[in-house]
1. Across region 64-77, what is the number of residues that are surrounded by 13 or more Cβ atoms within 10 Å (Cβ to Cβ) and either closer than 21 Å to SER114 by Cβ or among the acidic types (Asp, Glu) (or both)?
2. Looking only at region 76-113, count how many residues are within 16 Å of ligand 1 (Cβ to nearest atom) and hydroxyl-bearing (Ser, Thr, Tyr).
3. Identify all residues within region 53-85 that are within 10 Å of ligand 2 (Cβ to nearest atom) and either aliphatic (A, V, I, L, M) or under 29 Å from ASP29 (Cα atoms) (or both); write none if there are none.
4. Would you pick out the residues in region 1-29 that are under 11 Å from LEU175 (Cβ atoms), surrounded by 21 or more Cβ atoms within 10 Å (Cβ to Cβ) and more than 16 Å from ligand 2 (Cβ to nearest atom)?
5. Select from region 42-52 the residues that are in a loop (DSSP other than H, G, I, E, B) and more than 10 Å from ligand 2 (Cβ to nearest atom) and write down the one among them that is surrounded by the fewest Cβ atoms within 10 Å (Cβ to Cβ).
6. Are there any strands (runs of 3 or more DSSP E) wholly within region 80-185 with 2 or more residues that are without any contact (Cβ under 8 Å) to a residue 60 or more places away in the chain and surrounded by fewer than 17 Cβ atoms within 10 Å (Cβ to Cβ), and if so which?
7. Of the residues ARG26, ARG42, which is among the basic types (Lys, Arg), out of contact with any Phe, Trp or Tyr (no Cβ under 7 Å at 6 or more places or on another chain) and at pLDDT below 95?
Amino acid sequence: MKGKLIVVSGPSGVGKGTIVKTLVGRRADVVESVSCTTRAPRTGEVHGREYFFLSKEEFTRRISENDFLEYDEHFGNFYGTPKSFVREMLKEKHVILEIDVVGALNAKKAFPESVLVMIAPPSVEELKRRLIGRGTETDEEIENRLKRLDYELSKKDQYDYVVINDNLEEAIARLSDIVDNGKSK
Ligand code: ADP
Ligand code: 5GP
């Protein structure tokens, strides 16, 4: 195995997607994992790019074959990280999973050598500004996402690294350095 498995979590709106996508765009040796889901594709989503879209039967079969590094149910659909796909990618590249704290801690149990990275906001006020600025959630959804904040940040001691996303370029550089030199505790 050549690559390292990096698991990135953090509150909604903190900048995980921006950091990970920029890094993956800049480094040919880093890829983002593609999860499996039983939900229907949204307009524009492509099988194998955003997700592998599976039937419930297929997903259940793969659970019984122990093919998920971790899986969970959200809004009545299953989502999971496919072990076989991640193993295949790790032969050539570093692999980043962007996943919530529950999924991340499950992934660490299944794959102890993975490196867990929590992206944290410089302040709650700034996180609110980013969520509002992104403009993709209603006020109620923003409130719900902020309610999860304390819970998510309370798990940071179980992470190998905490990266504060204040200056975006510095946060990308820090994650890039963790990909090269980071170690699992
Ligand atoms: P997440 O994937 O964690 O939910 P996003 O990557 O969608 O978060 O980022 C949320 C918003 O914050 C986006 O509009 C993004 O452009 C902005 N953003 C990300 N990082 C920074 C930063 N360091 N400073 C200011 N704005 C940022
Ligand atoms: P969406 O349907 O909006 O793409 O995703 C719904 C939720 O599923 C999000 O909270 C997302 O983080 C979560 N999710 C996506 N992929 C995975 C995965 O592989 N494992 C787990 N545990 N959650 C996932």
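1. 6
2. Final tally of qualifying residues: 1.
3. Hits for region 53-85 are PHE68, LEU69, GLU70, TYR71, ASP72, TYR79, GLY80, THR81, PRO82.
4. Hit for region 1-29 is LEU23, nothing else.
5. Among residues in region 42-52 that are in a loop (DSSP other than H, G, I, E, B) and more than 10 Å from ligand 2 (Cβ to nearest atom), the one surrounded by the fewest Cβ atoms within 10 Å (Cβ to Cβ) is THR43.
6. 161-164
7. Answer to the selection: ARG42.
Yes/no matrix, rows are residues, columns are (1) touching a Gly at 6+ places or on another chain (Cβ under 8 Å); (2) more than 23 Å from ALA110 (Cβ to Cβ):
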residue	(1), (2)
GLY17	no, yes
VAL20	no, no
ARG27	no, yes
LEU54	no, no
PHE59	yes, no
ASN77	no, no
PRO82	no, no
VAL95	yes, no
GLU98	yes, no
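The values are calculated or read from the model by the stated rules, or taken from the named source; none is laboratory data. What you are looking at is a predicted structure, and each value in this text was computed from that prediction instead of being measured. Cβ atoms come from the backbone with ideal geometry, glycine included; neighbour counts cover every protein chain shown.
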